[in-house]
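Step one of this worksheet: look at the structure below.
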Amino acid sequence: MKGEMMEGTNTFHSIDEYIIQFPEEVQEILKTLRNVIKDAAPDAEEKISYQMPTFVLYGNLVHFAAYKKHIGFYPTPSAISAFESALSEYKCSKGAVQFPLNKPIPYELITEMVIFRVEANKKKKAEGKSQNKK
C-alpha cells in the first residue's frame, strides 16, 4: 500500500495548490489554460469546486482538471453542443471534453467557449432579474 495514492484524496483550497501537484509540463498547460479563461472572463472568480479549478460568474462558468493523458474541460452541456463541430476531433461527453496532452491544446476554441458561457450566464441572470420584478 505504501506509495500508492488514491486519486481524490487531496483537498485543494486554491487553483495554485491544484496546479503545483502536476509535472512541470502539465503545470505549464494548466497555467496557460487558467490565463486563457481569465482573459476571456476577466470578471469571473476562481475557486475549487468538485476538487477542480472552477471559474464562477453568475454561477459556474467552467471547470478544468488534469489527468494522465488529457486535460478535462467542463464548459456545461450547452457549450459542448454549441461547439459540437469544432470539438469533433476530441473525445466529448455530455458536459466534458478531453484535450489530449500529446496534441496542442486549442486555446482559441477554449476562449470562444468561455465567452459563450459568460454570455449564457449573463443572459440567465438578466432573465432571472426581469422575472423577479413581476
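The values are calculated or read from the model by the stated rules, or taken from the named source; none is laboratory data. Predicted model, so just to flag it, every value in this text is computed and none were measured. Please note: Cβ atoms are built from the backbone with ideal geometry, for glycine as well, and neighbour counts cover all protein chains shown. Each accessible area value is taken on the protein alone, full model and side chains, heavy atoms only, with ligands, DNA and RNA left out. Shrake-Rupley method; radii C 1.70, N 1.55, O 1.52, S 1.80 Å.
Summed over region 71-100, residues that are open to solvent by 70 Å² or more (accessible area, probe 1.4 Å) and in a loop (DSSP other than H, G, I, E, B) total 5.
Among the residues making up region 58-70, those that are assigned to a strand (DSSP E or B) and either among the small types (Gly, Ala, Ser) or farther than 20 Å from Ile115 by Cα (or both) are Ala65, Ala66, His70. Here Lys124 fulfils each of the conditions (1) open to solvent by 70 Å² or more (accessible area, probe 1.4 Å); (2) within 21 Å of Thr32 (Cβ to Cβ); (3) in a helix (DSSP H, G or I) apart from (2).
When region 69-113 is examined, which residues are found to be at pLDDT 95 or above and basic (Lys, Arg)? Of everything in region 69-113, those that are at pLDDT 95 or above and basic (Lys, Arg) turn out to be Lys69, Lys91, Lys103.
Taken over region 101-115, residues that are within 15 Å of Ile37 (Cα to Cα) and either of a type in the set (A, V, I, L, M, F, W, C) or open to solvent by 30 Å² or more (accessible area, probe 1.4 Å) (or both) amount to 10. Considering only residues in region 22-57 that are at pLDDT 95 or above and assigned to a loop (DSSP other than H, G, I, E, B), the one that is least open to solvent (accessible area, probe 1.4 Å) turns out to be Ala41.
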